[in-house]
Structure formats: C-alpha cells, structure tokens
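The values are calculated or read from the model by the stated rules, or taken from the named source; none is laboratory data. Since we're looking at a predicted model, the values are computed, not measured. Because the Cβ atoms are built from the backbone with ideal geometry, glycine has one as well, and the counts that use them run over all protein chains shown. Protein only, heavy atoms only, side chains kept; ligands, DNA and RNA dropped before computing areas. Shrake-Rupley method; radii C 1.70, N 1.55, O 1.52, S 1.80 Å.
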Amino acid sequence: MTRIALAYNQKPELSVSAPTAALDTDADDEPPSRGARRDGVALATAPQLVDDAFAEWDTIETIDAVAAALAPLGDVIRLEADEHFPERLRRERPDLVFNIAEGLYGPNREAHVPAICEFLGVPYSASDPFTLSLCLDKARTKQFLAATGIPTARFALVETEAQLRDVALPFPLFLKPSQEGSSKGITERNFVSSREELLAQGSWLLARYAQPVLVEEFLPGAEFTCGILGNGAQAEVLPLVALNFAALPKGALPIYGFEAKWIWDQPENPLEIFECPARIPDALARRVAGVALDAYRAVGCRDWSRVDVRLDAAGNPLVVEINPLPGILPNPADNSCLPKAARAAGIDYDSLIQRCARHAAERLGIAV
Ligand SMILES: Nc1ncnc2c1ncn2[C@@H]1O[C@H](COP(=O)(O)OP(=O)(O)O)[C@@H](O)[C@H]1O
Ligand SMILES: [Mg+2]
C-alpha cells in the first residue's frame, strides 16, 4: 500500500498573548474557514488598524478533509510541518508527501517543506521550492512574467520613501506589500490617486510590513480567478470564477481585498462575490484561461494552482498573482475558489484532492 504523508501547518488555538511573529504565516490569498475567523483577534476595527497577523492557517477541518480524501489512495500519515518535521520525515520515509504546508517563517516559508523533501529524496506533490518562493514574492513574479512576455500590470518596486517620490507610473495606482498573501495589507486605502496619497499610504505600508511595496497600475476591469489542474499538455483550466464586485457594500472600491475577505464576508451575512462559472463570452473566457495557463507554465507550477487575472481598461487580461498552494477549504459555504471551480466542473472535494495526488504520482512515477 502506498504511504502518503500529509504535510500541513495547523492553525493553533489562538490567544491574544500569542507572539505575533510565530503566527505570522499565510499560504495563499484566501481567508481561513468561517470557524477560524470567529476566533481571530481584533477583526472588527477600522481596516488600517485591523490586526491581520492571523490571516492564514489550515484548520483541523481542512486537514481532516484532505486526509479523508487521500485515504482511498493509500495509508495516510499526518506530518505537521513544525520543527520536528525533518526528523519525522526521515523516519517515516513515505512514498509521497502531499504538501499543503504554508511554512512558518520568512519570505521563503512555503518552500521549506518541499526543500526538506528534496534534501531527503522524498517525492512530494505540487510546486517545487523555487516556484513557491517566487510566487510568494509578487514583485519578483511580475518581473519574471514580464520577462517571459506574459501580460501583467506595469509596476514599480519601492523600498524607501524617496523611491515613492520617483514612481513614474500614471495614477491611479494600487499598492501591495510584496511578500504577503491573504490580502494582508491590501485595503481600500491602497488605491491612490495622487502623489500625496501614494507617499502617505506607501510609507505606512513600508513601516507596517517591513518589506518592499509593490506599486501597480490599477486595473479597473473584471477580475477572475482560474483554478488549474495537471501538468504539461494535460494541464487544464477549471471553470473560471468571476468576482462580482456589485456584491460589495455600496461605494466600495472594486477589489477583493482585506475588507471583502475579512470584514464584509461574515457567516451570518455571506458576501455573494463569486460567480462560477463566470458568465462571460467564450472568446474572453478563452483569453483569460490562456493567460492563466501561460503564467502557470512559465513559473513552473505543478499539479495544481490558482491564478488571479484582471482586465485592464481596454479589456485585456493581465496576471495579478499566482497561488501555487491554493486555498482548499472543504466547506462550500466558505467560498474557497479552487474547490468551487472544481465543483462547477463536476469534481467534488475528494476528487479534487485525489486528482492533485494522481497528477503528482504520475509525474513522479509512483503508483497510487
Ligand atoms: N493592479 C491591480 N489593479 C486592480 N486591482 C488589484 C490590483 N492588484 C490587486 N488588486 C486587487 O486586490 C486583490 C488582492 O490582490 P492579490 O495580488 O490577489 O493579493 P492576495 O494575495 O491578497 O490575494 C485582487 O484580487 C484584486 O481585486
Ligand atoms: Mg489574490
């Protein structure tokens, strides 16, 4: 029987006194399940003051669901990706690591589990350390996409206040911390229409997140997120998810940022922001999917990922970011885009997880 180790980072029971540094990890760009949100801390204050340090953890609900989905494929061992992970992996030597671990520390945190697997010669699912590190850095991803001819919004990367003064892109602009996920640091205030606003919000972000800030052309068009499964010529884009910004509160900026993910979407009052499959002309859907697939291949994504795409003022699709460790919340009510797109294609949650494992196994020549 194939031995499959599920590598994960589990959301700890939070307390207000928990050290922020230890909790400051995130996998991708989706909020955790509703249950997790309820026990978060200080989510109800004004966006600029909200503590988003707890923005992304796998809950036991997700870990259980993935383990259950993998069970028909082999014996499942759970390996928490904590400081004991290297030793436990060396002892267990599974046939395959199914990796959903976000990692703990630093800008390469998502690469740690795959790198440890490579060091010990243990096969693992999904993208390699290079792709995971690259995609967690939105600016370097954009440099890479631009260099390989894949459309992405024009941008500048700034590290100092002085550089904010030198940004030569046309307003309005949109600011993002360059190395975060889960919309950490991405609020309506990041839309800036003047040099004064750029300086004020840019300086705040530089100080708050202690990392370079990405300054991008604001893309005013429709937005989509594209789930992708598979490898090589077989890689396929699942039905597109469109963001329905009309569902946001009146007057809100049309972005799927921190407020939309964390404040306005509440269990008792869910935000109906996703439309899947997107109701758009086939020709546009093909262009959006094509750009997403090009990006997936260019950065070397494997087995599965989710790519965010937005249209510019002329209606051309541009890549916003790539999520090689996509959110996979099992509860349909939690609005997780990859499972949602899979469901629209008739692929239920267990089948989605199993397909990812099978793509990995096939790529690696392992029987599952
Ligand atoms: N250049 C841009 N123009 C317009 N909207 C943007 C731009 N970049 C990001 N956004 C909005 O902000 C959201 C979050 O940004 P994204 O880069 O996807 O980060 P996250 O990791 O938080 O998902 C996007 O879904 C989109 O709505
Ligand atoms: Mg995103």
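Side notes on the structure shown:
- When only alpha carbons are used to place a centre, the stretch 137-215 and the stretch 318-353 end up 27 Å from one another.
- Once the convex hull of all Cα atoms in the chain is built, its volume per residue stands at 133 Å³.
- Kirkwood hydrodynamic radius of the stretch 92-201, from the reciprocal of the average inverse Cα-Cα distance over all distinct pairs: 16.2 Å.
- Counted over all Cα-Cα pairs of the stretch 154-217, pairs farther apart than 18 Å make up 20 percent.
- Taking the alpha carbon gyration tensor of the stretch 220-364, multiplying each eigenvalue by 5 and rooting it gives semi-axes of 25, 19, 12 Å, largest first.
- Exposed trypsin sites (Lys or Arg not before Pro) absent - longest run of the chain, DSSP non-H/G/I/E/B, at most 10 other C-beta within 10 Å: 1-249
- Counted charge near F218, where neighbours are those whose Cβ lies closer than 14 Å (Asp, Glu -1; Lys, Arg +1): -2
- Formal net charge of residues neighbouring Y8 (Cβ-Cβ distance under 11 Å; K, R +1; D, E -1): -3
- Normalising by residue count, the stretch 242-285 has a Cα convex hull of 81 Å³ per residue.
- Ligands, DNA and RNA left out, the 1.4 Å accessible surface of the chain is 53% carbon and sulfur atoms.
- Only lysine pairs 8 or more places apart or on separate chains count here, and in the chain those with Cα atoms under 25 Å apart total 20.
- Residue-normalised accessible area of the chain, expressed per residue, 1.4 Å probe, Å²: 40 Å²
- Sum of -39500 (n - 2.57) over DSSP H runs of 4+, divided by residues of the chain (222 nm, nearest 500): -9000 deg cm²/dmol
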